[in-house]
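Visitor: I have a structure I would like to understand better, so I am pasting it below and will then ask my questions one at a time.
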Amino acid sequence: MIESPDRTPLPRNFFERPVLEVAPDLLGRTLVRLTDDGPIELRLTEVEAYAGEADPGSHAFRGRTARNAVMFGPPGHAYVYFTYGMWHCLNLVCGPEGHASGVLLRAGEIRVGHELARKRRLSARHDRELAKGPARLATALDVDRTLDGTDACAGPESPLAVLTGTPAPTDQVRTGPRTGVSGDGATHPWRFWIDGDPTVSPYRAHVPRRRRT
């Protein structure tokens, strides 16, 4: 059986391009997560680009560490980080190896595996809220640090893959500042989303944490 072109996983050279090309081109694509309980498929509707050591907003801005090592590796791999002591977030490494660029997957529409996503997102009032935000997306898809370094280009047996599918039309793609980024990277218009999609998360500017007195 010949696999339909829109069900073919994106090749590694797709991710080997500059991050600002890859990020908007991911919109509309289907992210497949193979869990122990079955598959979950999500149409990507919102992403953010991070340009490694050239980007103050990136985890790789100050160089390589044990935490961000995957970002410096081959493109097409998953970089998963743990934040605020409770949430995971899923990124896809892109650009030439060694440059540490990545795309944060911020939101999407669950299209397959609703019942599996709902079990992990009991607080979601509507299906459109299942993966509305990066932590919610990772929770709905059962993503944690065990998937850090997963090769999303490895083929149908990989626990993560992005299918070729149909990218969002360029006239529907919007761009603006990234959510919660402070300092020199706060105004970079590197957040991309599909205009009018109900699964896109609301923009929030960075709010400095108050020190306890």
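The values are calculated or read from the model by the stated rules, or taken from the named source; none is laboratory data. It should be emphasised that the depicted structure is a prediction, and the values quoted were computed from it without experimental measurement. When we count neighbours, we look across all protein chains shown, and the Cβ atoms used for this are built from the backbone with ideal geometry, even at glycine. All accessible areas refer to the heavy atoms of the entire protein, side chains included, with ligands and DNA or RNA removed. Shrake-Rupley method; radii C 1.70, N 1.55, O 1.52, S 1.80 Å.
Visitor: Condition first: buried (at least 17 other Cβ atoms within 10 Å of the Cβ) and not charged (D, E, K, R). Now tell me which residues in segment 119-138 satisfy that.
Guide: ALA124, LEU130, ALA131, GLY133, PRO134, ALA135, LEU137, ALA138
Residue by residue, here is whether (1) open to solvent by 20 Å² or more (accessible area, probe 1.4 Å); (2) closer than 25 Å to GLU16 by Cα; (3) touching a residue at least 24 places away in the same chain (Cβ under 8 Å) holds:
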site: PRO156; (1), (2), (3): yes, yes, yes
site: VAL162; (1), (2), (3): no, yes, yes
site: ASP171; (1), (2), (3): yes, yes, no
site: ARG174; (1), (2), (3): yes, yes, no
site: TRP190; (1), (2), (3): yes, yes, yes
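Visitor: Mind listing whichever residues of segment 96-118 are part of a helix (DSSP H, G or I) and either in contact (Cβ under 8 Å) with a residue 60 or more places away in the chain or surrounded by 20 or more Cβ atoms within 10 Å (Cβ to Cβ) (or both)?
Guide: Scanning segment 96-118 gives LEU116, ALA117.
Visitor: Residues of segment 17-62 being open to solvent by 40 Å² or more (accessible area, probe 1.4 Å), assigned to a loop (DSSP other than H, G, I, E, B) and in contact with a strand residue (DSSP E or B) (Cβ under 7 Å, 6 or more places away or on another chain), which ones?
Guide: The answer is ARG17, HIS59.
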